[in-house]
Amino acid sequence: MLKPLTLLTTVTTVTLLIGCSNGDQTMQDRSTLPCANKPNCVSTQDSREKFSLAPYTLTPLATLDAIEIAALSLGRAKTAEKQPNYLRVEYTSKVFRFVDDLELRIEGNQLIVRSESRTGHSDFGVNRERADALRRALKEAGLI
């Protein structure tokens, strides 16, 4: 009887540690990298159809601060990193607390956008939906 209890405790502890490790990670800027070959990422820098996003052309009104406000308005989001032309926003799923990273970089009048799940193979289209929602929010704000 003791062994199943020990196993259950070990599995629970490992699950909690993995779950807690999804947030607040120190990450390298991957905004200009193409997606890996998993259907949990979309990017303006990836030319493959299932991963690619149409360009986001910025208006003269666009600033990183204004873009950040639009990105945070999508819900369950927090700014994880901000530099002069780079922003990484973390989105946490409601039920399982999975973390996705939205990386945004301003280069000239273009906004590089990359949205990717940290864990799992498929995201069931969540990152593409987020990128589309960001595009709508940026248009409504007059930023693209």
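The values are calculated or read from the model by the stated rules, or taken from the named source; none is laboratory data. These figures come from a predicted structure and were not determined experimentally. Note that each Cβ is placed from the backbone with ideal geometry, even for glycine, and that neighbours are counted across all protein chains shown.
If the condition is being assigned to a strand (DSSP E or B) and aromatic (Phe, Trp, Tyr), then the stretch 40-99 contributes TYR56, TYR86, TYR91. Within the stretch 46-67, identify whether any single residue is over 14 Å from LEU138 (Cα atoms) and of a type in the set (Val, Ile, Thr), and answer yes or no. So far as the stretch 46-67 goes, no, none of its residues is over 14 Å from LEU138 (Cα atoms) and of a type in the set (Val, Ile, Thr).
What do you reckon, is LEU111 over 14 Å from the mean Cα position of the chain (by Cα) and part of a strand (DSSP E or B)? In short, yes. In the stretch 85-101, the residues that are farther than 20 Å from HIS121 by Cβ form no Cβ pair under 6 Å with any partner that is at pLDDT below 95 and acidic (Asp, Glu), whether six or more places apart or across chains. Any idea which of ALA66, ALA77 is in contact (Cβ under 8 Å) with a residue 40 or more places away in the chain and within 13 Å of LEU134 (Cβ to Cβ)? Every option except ALA66 fails the conditions.
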